[in-house]
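What follows is calculated from the coordinates using simple rules that are stated; it is not laboratory data. Bear in mind the structure is a predicted one, so any value in this text is a computation, not a measurement. Positions of Cβ are generated from backbone atoms using ideal geometry, with glycine treated the same way; all protein chains shown enter the neighbour counts.
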Protein chains: 2
Amino acid sequence: MNPRDLPPNPKFAVVGAGAIGGYYGGRLAQHGRDVHFLMRGDLAAVRKNGLTLRSGDEVVRIENVNAHAATSDIGPSDVVIVALKTTSNLDLEKLIPPLLHDGTVLLTLQNGLGNEEFLAGRFGAERVIGGLCFVCLNRVGPGVVEHYGHGTLSIGEFERAPLPRTRAVVRKFQQAGIEARLVEDLITERWRKLVWNVPFNGLSIAAGSITVADILADEGLHKLTRDLMAEVIGAAARLGHAIPMSFIDEQIQRSLVMGPYKPSSLIDYDAGRTVEVESIWGEPWRQAVREGAEVTRLEMLYFLLKRLTSDAGS
Amino acid sequence: MNPRDLPPNPKFAVVGAGAIGGYYGGRLAQHGRDVHFLMRGDLAAVRKNGLTLRSGDEVVRIENVNAHAATSDIGPSDVVIVALKTTSNLDLEKLIPPLLHDGTVLLTLQNGLGNEEFLAGRFGAERVIGGLCFVCLNRVGPGVVEHYGHGTLSIGEFERAPLPRTRAVVRKFQQAGIEARLVEDLITERWRKLVWNVPFNGLSIAAGSITVADILADEGLHKLTRDLMAEVIGAAARLGHAIPMSFIDEQIQRSLVMGPYKPSSLIDYDAGRTVEVESIWGEPWRQAVREGAEVTRLEMLYFLLKRLTSDAGS
């Protein structure tokens, strides 16, 4: 198989079947795609009851899900959807190899920066594509995912312009009823997402478990949010990813209508789950510092969050 | 009376008889000075049992304490020791006037910046002197104060070189067994104290209720502590208060031997009491910004603490 292309009916493997993996993999399976899930805690429940996707009043039950206990049971696949929490990335070193053939594409839907690099370093850059999910998903029980509001899945190549396979992957998602689009520059998209995630996910934790509305209503934190956004845009620019400063106002406007929305990192933090500190704050900070970008606030937020979310922290 | 001087046996009034007021006023009373305390919650207990000062194994009980329910019962005094929490400063507008005669000296032993200015603005700058307490005191019960370790009381004039009265006040404290000294430049001393208080009191709260040892053992927070100290020194320099950068290493060394010490603001925070956010972070930040000093980290810490310690906070 030409690694630049995709077979007409590709075999999908989903590694990390939490909310993101369960939802996107589930939609593909619902629409007749050949999808195989690596499951851990939810394996028995999904084998028995299938996957359930809830969007508002609509409830979809997907029966006969291919749920497996090991990637060696799945075997070589055409597209591997990587939806593991970034804090478990090291597990991928063992999970991925059984899924590979020469043309296998690795699609990471994980948060923040550094995930494409991680996969490229271990399994070859030519395999790697990435996607950004602008969507709110919550795993509410074993094999049950709730989906709030609409959101786009933005897919692009790692360090390359889109290839035929990229368009093919986007099309498969579109055919499964998912709003997907091709992006020319994946890493710029990741930085654009960080413009929002760095301040809101971070301050929602560091300022004492507060919502987006709380942050924006507080004069000091509102200013700090804008200043953090400007730092992220400045760092992105240094790294060759141009984002206009007018993006700040757009993001603030978008956030003002969200109300008492809890960013995903705060939900993790409040539930006592690990927070993706390195991919959202640590890696952007390291890349910015390497390029000499001025990221004083990002650094301070990263240092605080690292401690607040550590085992040593409360 | 000449306001530059003090009568041989001055009448002292103590406003705010918590740990600081109880301890310093108590020592003066113990050594035969004419001291009058304004008391609220502790009034009945102190009238019945007097004041108790504990330092290690030494326990001193001071009987027949002049405890009053109102400053109008105390009347005009020669030295008013102001030891109220800075968050209650507005109360002073009503508490102070009954204590004044033409030569009354107001000695604020309060934390941070802005207290001398507050008193000067309302009662005349010529009355105001200030003191810094480098001591660890804890009110452990009604009328009972515990004193840990030694520490100096540094006293100076507000916006003036020392006067005869300043030396006289220092001498009264020394005669009461307190290690007191005269400082030439009071506000420089306040900035020196902030070099420590800004990072340690602040980060101990913002990083999740942690001690001085925890802060210094964490690589990121250790760096942040030094960077905050440099910002405070830079701001002080802009305001005409020279502190050498070598002071940072001195303060770090001093702190490394403190062990799991909890800064006073953290003790307040953990106990659910108000934290002196404005005098320790707000006022230094405002003064620095007014002079164009670069205080990005101080600003961020101030904004976070303001929210964390607000009623709206957790």
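Before moving on, here are some points about what is shown:
- Expressed per residue, the C-alpha convex hull volume of segment B:89-142 stands at 112 Å³.
- Using alpha-carbon coordinates, inclination of helix A:164-175 to the longest axis of chain A, degrees: 90 degrees
- Ordering A:285, A:196 from the fewest to the most neighbouring beta carbons within 10 Å gives A:196, A:285.
- Convex hull per residue volume in Å³, alpha carbons only, for segment A:227-314: 100 Å³
- Rounded to the nearest 10 degrees, the angle from helix A:186-206 to the longest Cα principal axis of chain A is 60 degrees.
- In sequence order, calculated HN-Hα J values of segment B:67-83 (Karplus, 6.51, -1.76, 1.60; Hz; x Gly/Pro): 9, 10, 8, 8, 5, 5, 6, 7, x, x, 10, 8, 10, 9, 8, 9, 10
- Cβ crowding within 10 Å ranks B:229, B:245 as B:245, B:229, fewest other Cβ atoms first.
- Dipole of chain B [Lys/Arg +1, Asp/Glu -1 at C-beta], most positive-end residue of B:24, B:248, B:36: B:36
- Using all pairs of distinct alpha-carbon atoms, the Kirkwood hydrodynamic radius of segment A:163-231 works out to 14.3 angstrom.
- Think of each Lys and Arg Cβ as +1 and each Asp and Glu Cβ as -1; about the Cα centre, that makes the dipole of segment A:1-104 roughly 220 debye.
- Pairs beyond 19 Å (Cα-Cα), from A:85/A:223; A:48/A:85; A:306/B:223: A:85/A:223; A:48/A:85
- Projecting 7 Å from Cα along the Cα-to-Cβ direction, the label point of residue A:70 sits 8.5 nm from its equivalents in the other copies, listed shortest first.
- Residue order, fewest to most beta carbons within 10 Å, for B:58, A:126: B:58, A:126
- Of A:10, A:45, A:70, farthest towards positive along the dipole that unit charges on Lys, Arg, Asp, Glu beta carbons give segment A:8-92: A:45
- Using C-alpha pairs under 8 Å with a sequence gap of at least 6, the mean separation divided by the residue count of segment B:1-146 gives a relative contact order of 28 percent.
- Dividing the summed helix terms, -39500 (n - 2.57) for each DSSP H run of n ≥ 4, by the number of residues in chain A produces a 222 nm estimate of -12500 deg cm²/dmol to the nearest 500.
- Taking the Cα atoms of segment A:186-283, the ratio Rg/Rh between the radius of gyration and the Kirkwood radius comes to 0.96.
- Counting DSSP beta bridges with both ends in chain B, the antiparallel % (nearest 5): 35 percent
- Antiparallel DSSP beta bridges within segment B:95-158, percent to nearest 5: 75 percent
- Binning the C-alpha pair distances of segment B:76-220 at 10 Å intervals from 0 yields a P(r) profile of 10, 35, 35, 15, 4, 0 %, listed from the shortest bin outward.
- Among B:87, B:125, B:142 the positive-end extreme of the charge dipole of chain B (Cβ point charges): B:142
- Calculated log₁₀ intensity ratio I(q)/I(0) where the Debye formula runs over C-alpha points of segment A:1-131, q = 0.14, 0.16 Å⁻¹: -0.59, -0.76
- Solvent-free Debye scattering, log10 I(q)/I(0), computed from the Cα coordinates of the protein assembly as shown at q = 0.09, 0.11 Å⁻¹: -0.79, -1.00
- The charge dipole of segment A:205-314, taken about its Cα centre with unit charges on the Cβ of Lys, Arg, Asp and Glu (plus for the first two, minus for the last two), comes to roughly 100 debye.
- Counting, for every residue in A:195-207, the Cβ atoms of other protein chains within 10 Å of its Cβ and taking the mean gives 2.
- Extended-chain gain in nm, criterion 0.36 nm per residue less alpha-carbon gap, residue A:140 and residue A:184: 12.4 nm
- Debye log10 I(q)/I(0) at q = 0.15 Å⁻¹ for chain B, Cα point scatterers: -1.27
- Rg to Rh quotient for segment A:143-202, alpha carbon positions, Kirkwood Rh: 1.04
- Percent of alpha-carbon pairs separated by more than 15 Å within segment A:54-152: 68 percent
- Note that segment A:1-61, at 4 °C in a medium of 1.567 mPa s, gets a Stokes-Einstein diffusion coefficient of 102 µm²/s from its Kirkwood radius over C-alpha pairs.
- For segment B:84-193, the dipole from Cβ point charges (+1 on Lys and Arg, -1 on Asp and Glu) about the Cα centre works out to 220 debye, to the nearest 20.
- Put simply, the amide H of residue B:36, placed in the peptide plane, has neighbours under 5 Å in B:12, B:13, B:14, leaving out anything fewer than 5 places away on its chain.
- Cα long-axis angle, helix A:19-30 against chain A (0 to 90 degrees, to the nearest 10): 30 degrees
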